[in-house]
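Undergrad: Have a look at this one before I ask anything.
The values are calculated or read from the model by the stated rules, or taken from the named source; none is laboratory data. Keep in mind it's a predicted model, so treat the numbers as computed, not measured. Glycine also receives a Cβ, built like all others from the backbone with ideal geometry; neighbour counts cover every protein chain displayed.
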Amino acid sequence: MCGIVGFTGKRDCIKILIDGLKALEYRGYDSAGIAVTLENGKIYTVKKQGRISNLEKETGKLSGNCGIGHTRWATHGSPSDRNSHPHTSGIFTVVHNGIIENFLDLKISLVNSGAFFTSDTDTEVIAHLLRKFYKGNFM
Ligand code: GLU
């Protein structure tokens, strides 16, 4: 099993996310990643196959108050940087643990309607579905 951590608040979240992922290391994982909303409003994602310490090398100078982190145990798509979470489509950046049983049907339908996939994961369909059906009110 693997894990998810999230933070939003007044404090800088990078170290909180990294420390949270480290606390979940015992559950096992093959890759890890974080996505953070930066002070300029842009979302910055860093994701790597292998140890959480690989992420720290690329997040040292970042800061932000809202973010998500993920450790992955691959079920769909090999362990790799490109298959690591988070996954993004448009304004949506997602992490997910588990399996989407009907992902292939969903993926075929999304590709046929113009979606461009950048990973082999089942998870990426969530980001594309949100992008496709979002009408301005998430709830
Ligand atoms: N099914 C997803 C993948 O292969 C999530 C695996 C997990 O639970 O970490 O990326």
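Undergrad: Output the residues belonging to the range 71-86 that are crowded, with 23+ Cβ neighbours inside 10 Å, among the hydroxyl-bearing types (Ser, Thr, Tyr) and closer than 18 Å to THR118 by Cα.
TA: SER84
Undergrad: Listed residues SER109, SER113; which is in contact with a helix residue (DSSP H, G or I) (Cβ under 8 Å, 6 or more places away or on another chain), hydroxyl-bearing (Ser, Thr, Tyr), farther than 22 Å from ILE52 by Cβ and away from the ligand (no atom under 11 Å from the Cβ)?
TA: SER113
Undergrad: Out of ILE68, ILE99, ILE91, ILE108, I need the residue that is surrounded by 14 or more Cβ atoms within 10 Å (Cβ to Cβ) and hydrophobic (A, V, I, L, M, F, W, C). Which one?
TA: Going through ILE68, ILE99, ILE91, ILE108 in turn, the sole match is ILE68.
Undergrad: Now for a different question. Being assigned to a loop (DSSP other than H, G, I, E, B) and hydroxyl-bearing (Ser, Thr, Tyr) is the filter; apply it to the range 103-130 and report the residue that is farthest from HIS76 (Cα to Cα).
TA: Checked the range 103-130; the qualifying residue farthest from HIS76 (Cα to Cα) is SER113.
Undergrad: Evaluate the following for LEU62: is it away from the ligand (no atom under 16 Å from the Cβ) and over 22 Å from ALA127 (Cα atoms)?
TA: Against the criterion (away from the ligand (no atom under 16 Å from the Cβ) and over 22 Å from ALA127 (Cα atoms)), LEU62 qualifies.
Undergrad: Here's a check for you: in the range 24-42, which residue that is more than 16 Å from the ligand (Cβ to nearest atom) and at pLDDT 95 or above is farthest from ARG82 (Cα to Cα)?
TA: Applying the filter and picking the extreme gives THR37.
Undergrad: Picking from SER31, SER78, SER53, SER63, which residue would you name as being hydroxyl-bearing (Ser, Thr, Tyr) and free of Cβ contacts under 8 Å to residues at least 12 places away in the same chain?
TA: Only one candidate passes the filter, namely SER53.
Undergrad: Quickly run through the range 123-139 and pick out the residues that are out of contact with any Leu (no Cβ under 8 Å at 6 or more places or on another chain) and surrounded by 18 or more Cβ atoms within 10 Å (Cβ to Cβ).
TA: If the condition is that a residue be out of contact with any Leu (no Cβ under 8 Å at 6 or more places or on another chain) and surrounded by 18 or more Cβ atoms within 10 Å (Cβ to Cβ), then THR123, GLU124, ILE126, ALA127 are the ones that fit.
Undergrad: Just the residues that are assigned to a strand (DSSP E or B) and more than 7 Å from the ligand (Cβ to nearest atom), please, taken from the range 72-102.
TA: Selection gives HIS87, THR88, SER89, PHE92, THR93, VAL94.
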